[in-house]
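Remarks on the structure that follows.
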Amino acid sequence: MRRFCPSLTDLQAFEVAARHSSFTRAAQELCVTQGAVSKQVKHLEEFVGVELFLRIRQGLVLTEAGRSYLKQVQAGLSQIEAATVELIAHQGRGGTVRLTSMPTFGARWLIPRLTAFRRLRPDIHVEFLPHRQGYDFSTPELDAAVRFGEGVWPGSGADYIVGREILPVCSPRLIPQSCSEAEELLRYPLLHHTSALEGWRDWFEQAGCDARRALEGARFDQYSLLSQAAAAGFGIALIPRCLIEDELRDGKLVVPLQLPIRARQGYYLCYPEQKASSPTLQAFRSWLMEVSRAAEPAPDNALPLK
C-alpha cells in the first residue's frame with residue numbers, strides 16, 4: 001500500500017524555508033531557484049490542505065499549524081539522514097546502539113567494559129545520548145536506557161545488570177575497626193541517595209535492627225557524590241559495590257560490617273518493546289548480560305530485601 005506522505009523534496013523545501021523565514025535564502029541553500037522553493041512549499045500546502053506560512057513583506061511567518069508540523073518534519077528528516085549516514089558508514093553491516101545512562105554507572109562501570117565489546121563486535125558502535133533526554137522511548141533515535149529501580153517499567157523490556165549487591169562504606173578514619181553488629185552503625189551519620197531513600201531503612205530492618213533513625217542524614221543525588229562524601233568522612237553510605245570497586249581496592253573506603261544483603265533496586269537495561277528484535281540491540285544486550293553474570297553472581301547466602 002502506498003504511504004500517504006508528501007514528497008521528500010517538498011518537505012525539505014518547507015524545512016529550509018522555515019529555518020530561514022525566506023524562500024530566497026532557502027533557494028540559496030538548496031541550490032535551486034526561489035520560484036522552485038515557493039512552488040514546492042505551495043504543493044505541500046495543497047497536499048495537506050493547511051496553510052503553513054503567512055507571506056508578508058518582511059518574509060515568511062509560520063502559522064500555528066506550520067510550527068507544529070515543522071517540529072515533526074525536522075525529527076523525521078533527521079532520522080532519515082541519520083539512518084542513511086549509518087548505512088553508508090557501515091555498508092549494511094553492524095550499526096549503532098544509542099542509549100542513555102545514569103552518569104555514575106556509565107562512567108564507573110559500563111564504559112570501562114566497552115573496550116571488550118568493541119573487540120568482540122567492531123562493527124557495532126555504542127553512542128551515549130544526553131542523560132537529560134531521560135527514558136522517552138517515543139524519541140525514535142533512542143534504542144535503550146540504563147535505569148535504576150526495581151525492574152518494572154510499563155511498555156519496555158528490562159534486564160537486570162548489576163547494583164543489588166550493596167555495601168555500607170565509610171572512610172577508614174571514621175571507623176578504624178570493623179563493627180560486630182549492624183546497630184553499631186547507627187552511632188554514625190548515615191548518608192543517603194535521593195533515588196534510594198528507603199535503602200538504609202530496608203537494610204537495617206533486614207539486619208534485624210530498629211530502623212527508626214535510618215532516614216536521618218545528608219542526601220546526595222549521585223552515587224559519585226555519595227562515595228566522595230563517605231571517603232571524606234561525612235558518614236556511612238550504602239552504595240552498590242559495582243560503583244566503588246576502585247575506592248575499596250585503594251583503601252579510600254572500607255566496609256565496617258560484612259553482611260550479605262541484596263537491595264530491591266539495581267541497574268537495568270531497558271528498551272522499547274518494538275526494538276527488542278533489533279540485531280544490534282540484541283548483540284549488545286547479549287554481551288551485557290554475559291558481563292553482568294560474571295560481575296555480580298548471586299551469592300547463595302545473600303539476604304534479599306523484602
Charges at C-beta only: +1 for Lys and Arg, -1 for Asp and Glu. How large is the resulting dipole of region 194-306 about its Cα centre, in Debye rounded to 20?
160 debye
Per 5 angstrom bin, beginning at 0 and ending with the bin that holds the maximum distance, the Cα pairs of region 3-63 fall in percents of 4, 21, 33, 26, 12, 4, 1, 0
Taking only protein heavy atoms into account and a 1.4 Å probe, give the accessible area per residue of the chain in Å².
55 Å²
Helix-only mean residue ellipticity at 222 nm for the chain, each DSSP H run of n ≥ 4 adding -39500 (n - 2.57), per residue, nearest 500:
-11500 deg cm²/dmol
How about residue 39: which aspartates and glutamates have a C-alpha closer than 13 Å to its C-alpha, ignoring those fewer than 8 places off in the same chain?
10
Taking the dipole about the Cα centre of the chain, with the C-beta of Lys and Arg at +1 and of Asp and Glu at -1, give me whichever of 53, 244, 291 is farthest to the positive side.
53
Scan (i) 24.2, 80; (ii) 16.9, 49; (iii) 26.6, 84 for the value of Rg and Dmax of the Cα atoms in Å calculated from this model and give just the label.
(iii)
I'd like to compare 205-216, 140-151, 233-244: which one has the highest average count of other Cβ atoms within 10 Å, and what's the full order after that?
233-244, 140-151, 205-216
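The values are calculated or read from the model by the stated rules, or taken from the named source; none is laboratory data. Nothing here was measured: the structure is a model prediction, and the numbers come from that model. Cβ coordinates were reconstructed from backbone atoms using ideal geometry, including for glycine residues, and neighbour counts include every protein chain displayed. We work out accessible area using only protein heavy atoms, side chains counted, and drop any ligands, DNA or RNA first. Shrake-Rupley method; radii C 1.70, N 1.55, O 1.52, S 1.80 Å.
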